[in-house]
């Protein structure tokens, strides 16, 4: 049996909201005996999420959507940089191994979405899938909740956008094609690096970069408006790949791109720094210094307007490079706008048509 992939985080962290926490105790080991790698051995468990609503409203001015759906909390992809990790602390768990191995599942997501879209005040605004965690993470293969929610969008003719780094999105090409016919879907595939070694370390439990490029091609060939995201760009580690990344996704069929500079809020910072020391100790100080250069001398700057792209000379240089290649590769036109005028509540629409 092949060994299971490593986790992005190597340990459980203290939850900032909890007064007690557990520490590993290795007193039972004989002298010289090596403890099990609990990060590798940690099994994924799925826990029911009893949320009574499914639509989340965003009011951040630098996030390009208002409404989002997240069928899962936590993410088995295990990316050490994931900005969503601190959300697990609100659930009484930790942002480290718990975030990757204890996945909250919203089993009623499609039904909750159907109820939300049926309310009189809903007007068919676009819905973003993966506003927090990846809607096509491994759990989706088993629970099929993202597919169920997309089928609801198709039923109501409600526009949607998807961001994912998993080629499982291709399973739902039939639904995506139906949505695309009415200009109701956009898909963005995250491609962070073309280096297979870095990819395996940085994003240990998701699709390879080559598979993601193939997914972009297959989506484009199927008539699905598809773009790519390069997120995060890590100063001193993968940021120099930006021109090659943009060239590769454009060749595959992407028609728009975007990037996000590495963000290290709250408990993400110690997880990423531990990952950096574990995998790239020789580059750690360079990366830390350049991250600081893009964050006003700190490791994170949460100000709207700068938190996504960073600030300072180094961030400006990355931004200028991006703009040059965006124009050169024809990626600056963007994807066609989504339609919102087709939205209708199926039963109400049928009744209205009967009496027209």
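Filter region 306-320 down to residues that are farther than 18 Å from residue 245 by Cα and in a loop (DSSP other than H, G, I, E, B), then give me how many there are. Walk me through it before giving the result.
To start, the set of residues in region 306-320 that are farther than 18 Å from residue 245 by Cα comprises 306-308, 310-314, 316.
Imposing the further condition that a residue be in a loop (DSSP other than H, G, I, E, B) reduces the set to 306-308, 310-312.
Result for region 306-320: 6.
Here's the yes/no breakdown for (1) within 14 Å of the chain's Cα centre (by Cα); (2) within 15 Å of residue 134 (Cα to Cα):
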position: 53; (1), (2): no, no
position: 59; (1), (2): no, no
position: 63; (1), (2): yes, no
position: 66; (1), (2): no, no
position: 74; (1), (2): yes, yes
position: 82; (1), (2): yes, yes
position: 91; (1), (2): no, no
position: 102; (1), (2): no, yes
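Every test in (1) assigned to a helix (DSSP H, G or I); (2) within 22 Å of the chain's Cα centre (by Cα); (3) surrounded by fewer than 13 Cβ atoms within 10 Å (Cβ to Cβ) is passed by residue 303 save one, and that test is (1).
With the requirement that a residue be part of a helix (DSSP H, G or I), over 25 Å from the mean Cα position of the chain (by Cα) and at pLDDT 85 or above, what does region 321-354 give you? Give the steps one after another, and end with the answer.
First, the residues of region 321-354 that are part of a helix (DSSP H, G or I): 321-328, 346-354.
After this cut, where a residue has to be over 25 Å from the mean Cα position of the chain (by Cα) as well, the list is 324, 327-328, 346-354.
The answer is 324, 327, 328, 346.
Can you name every residue in region 306-334 that is over 30 Å from residue 271 (Cβ atoms) and crowded, with 17+ Cβ neighbours inside 10 Å? Walk me through how you get there before you give the answer.
Initial filter on region 306-334 (over 30 Å from residue 271 (Cβ atoms)): 320, 323-334.
Result: 325, 326, 329, 331.
Residue by residue, here is whether (1) farther than 22 Å from residue 330 by Cα; (2) touching a residue at least 60 places away in the same chain (Cβ under 8 Å) holds:
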site	(1), (2)
141	yes, no
151	yes, no
163	no, yes
166	yes, yes
172	yes, no
184	yes, yes
209	no, no
218	no, no
224	no, no
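The values are calculated or read from the model by the stated rules, or taken from the named source; none is laboratory data. Just so it is clear, the structure is predicted and the values come from calculations on it, not from any experiment. Note that we place each Cβ from the backbone using ideal geometry, even for glycine, and neighbour counts take in every protein chain shown.
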